[in-house]
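Okay, so here's the structure we're looking at.
The values are calculated or read from the model by the stated rules, or taken from the named source; none is laboratory data. Everything numeric in this text was worked out from a predicted model, so none of it was measured. Ideal geometry is used to build each Cβ from the backbone, glycine not excepted, and the neighbour counts take in all protein chains shown.
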Amino acid sequence: MTTAVIEQRPERFDRVDRVKEVSGEPVLPGDDRLWILGDPLVVVVDGTERIEVPVGFTTDGASVPDWAQAITGWSPWAPPQRWAGITHDWLYSTPGVTKAHADAVLRAVLLAEHGGWFKAEVMFMAVVVGGGSAYRTDQARGPDQRIFV
C-alpha cells in the first residue's frame, strides 16, 4: 500500500476572492469557491517520490459526493481532507500522472493525516468510482496556477 508524509504545509492558503480583493484584482463569480496556495505543499510518497504543489495552485478542494462526506463527516476543506484533496487535485491535473496513482496518494495522505482506515477507504472508493470525469478534464486542462501581485 502507498504511504505518504507531509513534509511541508502551506502557511498561506486562502480563498481566491479574498486574495483578489487584497491585490486589487477583479473578483469573478465562483472565486469564493476556489482556494489558492500561498506557499508550497510538499508530500513525500513511499519515501522516494516528492510531490510539490506550487505556490499559486488553485483548487476547489475535495470534490467528493455528499454520501461520502456524510459517512466521514469531513467537509472539503477540513482536516484530514484538506491537504489530501489538494494533492489529489494537483496530481489529477499533472500530465502523465495516472488516475490510479493519484487516487492511491489521496488515500495515503488521508491515512498520514490520521483520517482512519475506514474513512480513508470511503474517500478512496468515492474517487475510484466517481473521479473518472474529473481526471479526464483535469488531464486535458492541466494545473490551474495563478499568481497575484
Original post:
Under the condition of being at pLDDT 95 or above and exposed (fewer than 13 other Cβ atoms within 10 Å of the Cβ), which residue from segment 30-49 is nearest to Ala62 (Cα to Cα)?
Top reply: Glu49
Original post:
Has segment 11-20 got any residue that is farther than 23 Å from Tyr135 by Cα, in contact (Cβ under 8 Å) with a residue 12 or more places away in the chain, assigned to a strand (DSSP E or B) and more than 15 Å from the chain's Cα centre (by Cα)?
Top reply: no
**OP:** Quick one: which residue in Arg136, Arg141 is without any contact (Cβ under 8 Å) to a residue 60 or more places away in the chain and farther than 22 Å from Ile36 by Cβ?
**Re:** Arg136
Subject >> Test for Glu25: is it among the acidic types (Asp, Glu), out of contact with any Pro (no Cβ under 8 Å at 6 or more places or on another chain) and at negative phi >> reply: yes
**OP:** Look through segment 95-149, keep the residues that are at pLDDT below 95 and among the polar types (S, T, N, Q), and return whichever of them is surrounded by the fewest Cβ atoms within 10 Å (Cβ to Cβ).
**Re:** Ser133
**OP:** Go through (1) touching a helix residue (DSSP H, G or I) at 6+ places or on another chain (Cβ under 9 Å); (2) modelled with pLDDT of 90 or more; (3) closer than 24 Å to Val127 by Cα; (4) among the β-branched types (Val, Ile, Thr) one by one and return the number of the condition Val19 breaks.
**Re:** (3)
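Yes/no per residue for (1) outside any loop (DSSP other than H, G, I, E, B); (2) in contact (Cβ under 8 Å) with a residue 40 or more places away in the chain; (3) among the β-branched types (Val, Ile, Thr):
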site	(1), (2), (3)
Asp39	no, no, no
Val43	yes, yes, yes
Gly47	no, yes, no
Thr58	yes, yes, yes
Ser63	no, yes, no
Ala68	yes, yes, no
Ser75	no, no, no
Pro79	no, no, no
Ala84	yes, no, no
Original post:
Name the residues in segment 86-126 that are among the charged types (D, E, K, R), in contact (Cβ under 8 Å) with a residue 24 or more places away in the chain, in a helix (DSSP H, G or I) and over 21 Å from Gln139 (Cβ atoms), would you?
Top reply: Lys119
Subject >> Selection within segment 28-51 - small (Gly, Ala, Ser) and on the phi > 0 side of the Ramachandran plot >> reply: Gly30, Gly47
Original post:
Is at least one residue of segment 84-92 in contact with a strand residue (DSSP E or B) (Cβ under 9 Å, 6 or more places away or on another chain), within 27 Å of Glu25 (Cα to Cα) and hydrophobic (A, V, I, L, M, F, W, C)?
Top reply: yes
Original post:
Which residues, taken from segment 95-149, are over 29 Å from Val19 (Cβ atoms), polar (S, T, N, Q) and touching a Phe, Trp or Tyr at 6+ places or on another chain (Cβ under 7 Å)?
Top reply: none
Subject >> In segment 131-146, the residues that are in contact with a Ser or Thr (Cβ under 8 Å, 6 or more places away or on another chain) and in a helix (DSSP H, G or I) >> reply: Ala134, Asp138, Gln139, Arg141
